[in-house]
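Step one of this worksheet: look at the structure below.
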Amino acid sequence: MIHRTLAALTLLFALCLPFAAEDTKIVKESFESGGKRRPYYLFVPGSLKPETPVPLLVTLHGSGKNGKSLVEKWKDLAVAQGFIVAGPDASNSEAWAISADGPDALRDLVESLKVKYPINDRRVYLFGHSAGANFALLMGLLESEYYAAAAVHAGAIHRDSQAYIDRARRKIPLSIFVGDSDQFFPLAMINETKEALIRRGHQPEVTIIKNHDHNYYDAAAKLNRFVWDFLKGKELAAAPRHEQYDIR
């Protein structure tokens, strides 16, 4: 378990690479899951080569938002680092639900993208903010052999959902970033999540951001670089394995 503190996220990273016009385009697509068409937003850097497998980042948005809200915050780093970003919409924009949005739907999205793009299926990652962060943590645990790692901003595993931790077949790398002034996710809640994970053998990383509240969007350009530093080195040791659940 690693516990860190970042000072205001004003450090490092003056990396601003030029990119072609096609690099800036986010497209709205759909995929099929459970007999329904589900919308998502996709960003694929124009510089990617078909013969070179790249990571995929699946982003899970916060309450009242849609998939584009996070994809647009990740696209510049995706160009610089060479990865694909896909952000599905929750079935209800206010909250993610395991029964409607859960393991199967996300897996169907990933598999549909693997058919079209050169994705390294051992380097598929989850990132979520707020309600999407809560969901990303649960999906990472339920699908610990499918996703290489999960990182979140302002999210926790609520007490009534902690039983899902026991379903993880692999100790998936997890990282939580949270502001010391977050009005929705106080540090006591984050510590409870951290301790629940540790009791079950996980080693979550927790990064407390000084002088920062719940607002991900203003901090995203710098924060995402720290998130990507955590995610990019993680890779499944074997081919991904999807767990079949009957969750209602």
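The values are calculated or read from the model by the stated rules, or taken from the named source; none is laboratory data. For clarity, every value in this text was computed on a predicted model and none was experimentally measured. Don't worry about glycine lacking a Cβ; one is built from the backbone with ideal geometry, like all the others, and counts go over all protein chains shown.
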Worksheet item: Given SER161, SER91, which one is of a type in the set (Ser, Thr, Tyr) and closer than 20 Å to ARG200 by Cβ?
Response: SER161
Worksheet item: What residue, of SER91, SER99, is touching a residue at least 60 places away in the same chain (Cβ under 8 Å), surrounded by fewer than 20 Cβ atoms within 10 Å (Cβ to Cβ), within 19 Å of SER33 (Cβ to Cβ) and not basic (Lys, Arg)?
Response: SER99
Item to complete: Would you mind listing the strands (runs of 3 or more DSSP E) fully within segment 136-248 where at least 1 residues are surrounded by 22 or more Cβ atoms within 10 Å (Cβ to Cβ) and in contact with a Pro (Cβ under 8 Å, 6 or more places away or on another chain)?
Response: 149-153, 174-179
Worksheet item: Is one or more of the residues making up segment 120-143 among the charged types (D, E, K, R) and modelled with pLDDT under 95?
Response: no
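Results for (1) β-branched (Val, Ile, Thr); (2) at pLDDT 95 or above; (3) within 14 Å of LEU60 (Cβ to Cβ), shown as yes or no for each residue.
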| position | (1), (2), (3) |
| --- | --- |
| VAL152 | yes, yes, yes |
| HIS158 | no, yes, no |
| ILE165 | yes, yes, no |
| ASP182 | no, yes, no |
| ALA188 | no, yes, no |
| ASN191 | no, yes, no |
Worksheet item: Residues in segment 6-52 that are more than 17 Å from TRP228 (Cα to Cα), modelled with pLDDT of 65 or more and either surrounded by 11 or more Cβ atoms within 10 Å (Cβ to Cβ) or not polar (S, T, N, Q) (or both): how many?
Response: 24
Worksheet item: Hey, ARG123 hits all of (1) within 30 Å of PHE184 (Cα to Cα); (2) crowded, with 18+ Cβ neighbours inside 10 Å; (3) touching a residue at least 40 places away in the same chain (Cβ under 8 Å) but one; which does it fall short on?
Response: (1)
Worksheet, complete the sentence: The condition of being under 19 Å from VAL124 (Cα atoms) and among the hydrophobic types (A, V, I, L, M, F, W, C) holds, among ILE176, ILE208, only for ILE176
